[in-house]
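The values are calculated or read from the model by the stated rules, or taken from the named source; none is laboratory data. Just so it is clear, the model here is predicted, and its values are computed rather than measured. In this analysis, Cβ positions are derived from the backbone assuming ideal geometry, glycine residues included, and neighbour counts consider all displayed protein chains.
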Amino acid sequence: MDAADALIAVAARLAAAGNLPATSGNLSVRTGDPDGTIWLTRSGRDKGHLVRDDLLRVDVGTGEVIGTAGTAAWGKPSAETGLHLQRYRAVPSTGAVLHVHDPAGTALTMAAPGEEALVLEGYELLKALDGIATHATRVTLPVFPNTQDIEALATDVDAATRDGRVPHGYLIRGHGLYAWGDTLADASRHLDALLFLLGVELDRRRIA
Ligand SMILES: [Zn+2]
C-alpha cells in the first residue's frame, strides 16, 4: 500500500466514525517522493469513499497542484490547503496532517466562547502523543476563531507554531481539529487520542 492508498484508508475510518460529515474535513500525507510534494484531498468529496483521483499532488513550496494519484490530471484542492502547507513548511519533519470536523471539539469550542485554548490534563491517553510519557501532564490546544479567510488563519497559526504553542494540534471554534505526525501512522494515532480526549472532556464538563 502506498501513501495515497494509506491516506484513503485513514479517511474511510475517520468518516465511518462520524468525524468527516457531509464531505467536510481534509487530509494530507507526504507522497514519499523526494520532490517536496503531498497528497491532499480534493474539495467536496465524500471522505468515506475517496478514490485516487481525489488525492491531488501539491507542491509544498509553491502550493501548486501538479497532478493526482489517479488518472485525472487536475482537481480543485481543499479550501483549507493553506493550513496544511503551513504545517509542512513550519515543521519540515511533519509527514501527515489530518483535519476533522469532530462533534466534541465543535461543541466544546462553542460552549466556551471565551476560552482561547483547551487544556487536557491528567489523562492516561495523553501518552499516545509524541514526547509524553506520563499522565501527569497537560496538553494545551489553542482555539483559533473560525473564518473563511484561510490565508489570515494560516498566518495566525504559523505565528503560534513558531512560538511553540501548537506542538500537538489546534482547534478552530465551531469547526474542527487539526493534528499531525512525522508519519501517517503517528498522525492517525495523535488524532485518535485527541478525539477520544475531547469526547471525554465534553462528557466530564456535562457531568460537572
Ligand atoms: Zn474544516
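Worth a mention:
- Selection from the stretch 67-87 of residues that are away from the ligand (no atom under 16 Å from the Cβ), without any contact (Cβ under 8 Å) to a residue 60 or more places away in the chain and under 21 Å from Ala11 (Cβ atoms): Gly67, Thr68, Gly70, Thr71, Ala72, Trp74, Gly75
- Unmet criterion (only one of (1) surrounded by 13 or more Cβ atoms within 10 Å (Cβ to Cβ); (2) touching a residue at least 60 places away in the same chain (Cβ under 8 Å); (3) not aromatic (Phe, Trp, Tyr)) for Pro113: (1)
- Note on the stretch 125-145: residues that are free of Cβ contacts under 8 Å to residues at least 60 places away in the same chain and surrounded by 15 or more Cβ atoms within 10 Å (Cβ to Cβ) amount to 8.
- Tally, over the stretch 18-39, of residues that are aliphatic (A, V, I, L, M) and within 16 Å of Leu191 (Cβ to Cβ): 3
- In the stretch 18-33, residue nearest to the ligand (Cβ to nearest atom) [restricted to those that are more than 16 Å from the chain's Cα centre (by Cα) and on the phi < 0 side of the Ramachandran plot]: Thr31
- Just one of the numbered conditions (1) more than 16 Å from the ligand (Cβ to nearest atom); (2) under 19 Å from Leu184 (Cα atoms); (3) of a type in the set (Gly, Ala, Ser) is not true of Ala15: (1).
- The single residue among Gly181, Gly122 that is in contact (Cβ under 8 Å) with a residue 12 or more places away in the chain, surrounded by fewer than 16 Cβ atoms within 10 Å (Cβ to Cβ) and in contact with a strand residue (DSSP E or B) (Cβ under 9 Å, 6 or more places away or on another chain) turns out to be Gly122.
- Among residues that are at negative phi and either modelled with pLDDT of 95 or more or surrounded by 15 or more Cβ atoms within 10 Å (Cβ to Cβ) (or both), Ala159 is included.
- Strands (runs of 3 or more DSSP E) wholly inside the stretch 1-81 that include at least 2 residues being among the polar types (S, T, N, Q): 26-30, 37-41
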